[in-house]
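The structure under discussion appears below in the form of structure tokens.
The values are calculated or read from the model by the stated rules, or taken from the named source; none is laboratory data. None of these values were measured; they are calculated from a predicted model. Methodologically, a virtual Cβ is constructed for each residue, glycine included, from the backbone with ideal geometry; neighbour enumeration extends over all protein chains shown. With ligands, DNA and RNA removed, areas are computed over all heavy atoms of the protein, side chains included. Shrake-Rupley method; radii C 1.70, N 1.55, O 1.52, S 1.80 Å.
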Amino acid sequence: MAYITLTKDNYDQEVLHASQPVLVDFWAPWCGPCAALSPIIDEIAGEQSEVKVGKVNVDEQPELAKQYRVMSIPTLMFFKDGDLVRREAGGKSKEEVLDMIGLHRSTAGV
């Protein structure tokens, strides 16, 4: 599944009232670390059916950035049952993002 572009109009429905956990990426097009993280988020969105993935462009959705006190980007937030359960800022590897959302697949013993 591809990621969902989140706006103030669809955020509550897609994130807070979602039937599955949601990973939200707050980003901006001019942000270098965001550009580095973007392919990782896209890959996770395509691979993981257990988690919905959404992106918030903070330039286009300043109300959401303000509501969640996003002070630096990229900022990743992980929601379960409408509750924010984890929040991390800065660039991440795919493994770090999967760890953050509890989907890291251990390769030990392989």
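Among the numbered conditions (1) exposed (fewer than 13 other Cβ atoms within 10 Å of the Cβ); (2) touching a strand residue (DSSP E or B) at 6+ places or on another chain (Cβ under 9 Å); (3) not small (G, A, S), the only one that Q67 does not meet is (2). Mind checking which residues of the range 45-83 are part of a strand (DSSP E or B) and either β-branched (V, I, T) or closer than 10 Å to L23 by Cα (or both)? Selection gives K52, V53, G54, K55, V56, T75, L76, M77, F78, F79, K80. Scan the range 4-44 for residues that are in a loop (DSSP other than H, G, I, E, B), under 21 Å from S72 (Cα atoms) and not β-branched (V, I, T) and the total you get is 6.
Within the range 54-64, track down each residue that is open to solvent by less than 30 Å² (accessible area, probe 1.4 Å) and either under 17 Å from A35 (Cα atoms) or of a type in the set (S, T, N, Q) (or both).
Of the range 54-64, the ones open to solvent by less than 30 Å² (accessible area, probe 1.4 Å) are 54-58, 61, 64.
Residues satisfying the conditions are G54, K55, V56, N57, V58, Q61.
Answer with yes or no whether R105 is at pLDDT below 95 and charged (D, E, K, R). Considered against the rule, which asks whether it is at pLDDT below 95 and charged (D, E, K, R), R105 comes out as yes. Comparison of A2, A36, A18 shows that the only residue that is among the hydrophobic types (A, V, I, L, M, F, W, C), open to solvent by 60 Å² or more (accessible area, probe 1.4 Å) and more than 13 Å from the chain's Cα centre (by Cα) is A36. Answer yes if at least one residue in the range 85-97 is open to solvent by less than 50 Å² (accessible area, probe 1.4 Å), in a helix (DSSP H, G or I) and basic (K, R), and no otherwise. Yes, the range 85-97 has at least one match.
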